[in-house]
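Reading through the structure tokens given below for one structure.
The values are calculated or read from the model by the stated rules, or taken from the named source; none is laboratory data. Predicted model, so just to flag it, every value in this text is computed and none were measured. Every residue, glycine as well, gets a Cβ built from its backbone with ideal geometry; the counts of neighbours run over all protein chains shown. Only protein heavy atoms, including side chains, enter the accessible area calculation; ligands, DNA and RNA are left aside. Shrake-Rupley method; radii C 1.70, N 1.55, O 1.52, S 1.80 Å.
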Amino acid sequence: MKRSAAPAIIVLAVLSLAVSFFAGAAAAQQKTLKEQLVGTWTFISSTGKLADGSPVWGSNPKGLLIFTDNGRYSSQIVRADVPKFAAKNRLQGTPDENKAAVRGSISSFGTYTVNEANKSFTVRFDASSYPNNTGAEQTRPFTIVGDELKVMNPASSAGGQSELVYKRAK
């Protein structure tokens with residue numbers, strides 16, 4: 001007795017439609033790099049080193065990096081060991097206190113764009129605690145895996161390049 005191929009073809013057609021539907025749904029859920037970048041990130045570490053080989057940001061640094069969906073960003077990194085000013089007034093710091101504050105912190109804000117093809121973002125510094133960055137623009141390659149953001153800074157304000165690691169803030 002000959003069997004018809006019709007039931008097998010129907011099963012294959014249904015399976016094919018199901019696979020196409022789920023693949024399309026998964027692709028629709030895939031976020032762009034910019035969508036993945038938007039949010040608040042806490043600073044974890046950096047590969048930047050001082051001349052003596054110690055980490056630029058010391059142990060247990062603090063920091064935030066914020067990207068908004070409308071193309072604005074804000075970044076702050078502070079060493080945990082920056083000493084307090086004896087005068088309790090930032091305008092009355094001693095030369096050593098001022099030096100430690102400048103060496104132990106960096107902040108900036110401005111605008112950014114994401115280049116999806118190059119997996120990079122470009123920041124335009126509206127202002128920076130390092131005045132040489134104000135008005136400048138820097139492109140930084142980045143990767144996001146899960147809740148971890150890694151940013152390559154090709155022109156660190158401390159000299160050279162460094163990789164910065166952040167974790168998405170909860």
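Out of the residues in the stretch 69-125 that are over 15 Å from the mean Cα position of the chain (by Cα), among the acidic types (Asp, Glu) and surrounded by fewer than 16 Cβ atoms within 10 Å (Cβ to Cβ), state the one that is nearest to residue 46 (Cα to Cα).
So the residue we want is 81.
Scan the stretch 138-151 residue by residue and report those that are among the aliphatic types (A, V, I, L, M) and open to solvent by 60 Å² or more (accessible area, probe 1.4 Å).
Quick first cut of the stretch 138-151, residues among the aliphatic types (A, V, I, L, M) only: 144-145, 149, 151.
Scanning the stretch 138-151 gives a single hit, 145.
I'd like to verify a number: residues in the stretch 57-67 that are within 12 Å of the chain's Cα centre (by Cα) and surrounded by fewer than 17 Cβ atoms within 10 Å (Cβ to Cβ), how many?
Keep residues of the stretch 57-67 that are within 12 Å of the chain's Cα centre (by Cα), which gives 63-67.
Those still in the list that are surrounded by fewer than 17 Cβ atoms within 10 Å (Cβ to Cβ) too: 64, 66.
The total comes to 2.
Which members of the stretch 37-56 meet the condition of being free of Cβ contacts under 8 Å to residues at least 40 places away in the same chain and open to solvent by less than 50 Å² (accessible area, probe 1.4 Å)?
Once the filter is applied, which keeps residues that are free of Cβ contacts under 8 Å to residues at least 40 places away in the same chain and open to solvent by less than 50 Å² (accessible area, probe 1.4 Å), the stretch 37-56 yields 38, 53, 54.
Cβ-Cβ distance below 7 Å, separation of 6 or more or different chains: which pairs start in the stretch 157-170 with a residue that is β-branched (Val, Ile, Thr) and end on one that is open to solvent by 50 Å² or more (accessible area, probe 1.4 Å) and assigned to a strand (DSSP E or B)?
Listed pairs, sorted by first residue: 165/44; 165/148; 165/150.
Scan the stretch 136-153 residue by residue and report those that are out of contact with any Gly (no Cβ under 9 Å at 6 or more places or on another chain) and not charged (D, E, K, R).
136, 138, 139, 141, 142, 143, 144, 145, 146, 149, 151, 152
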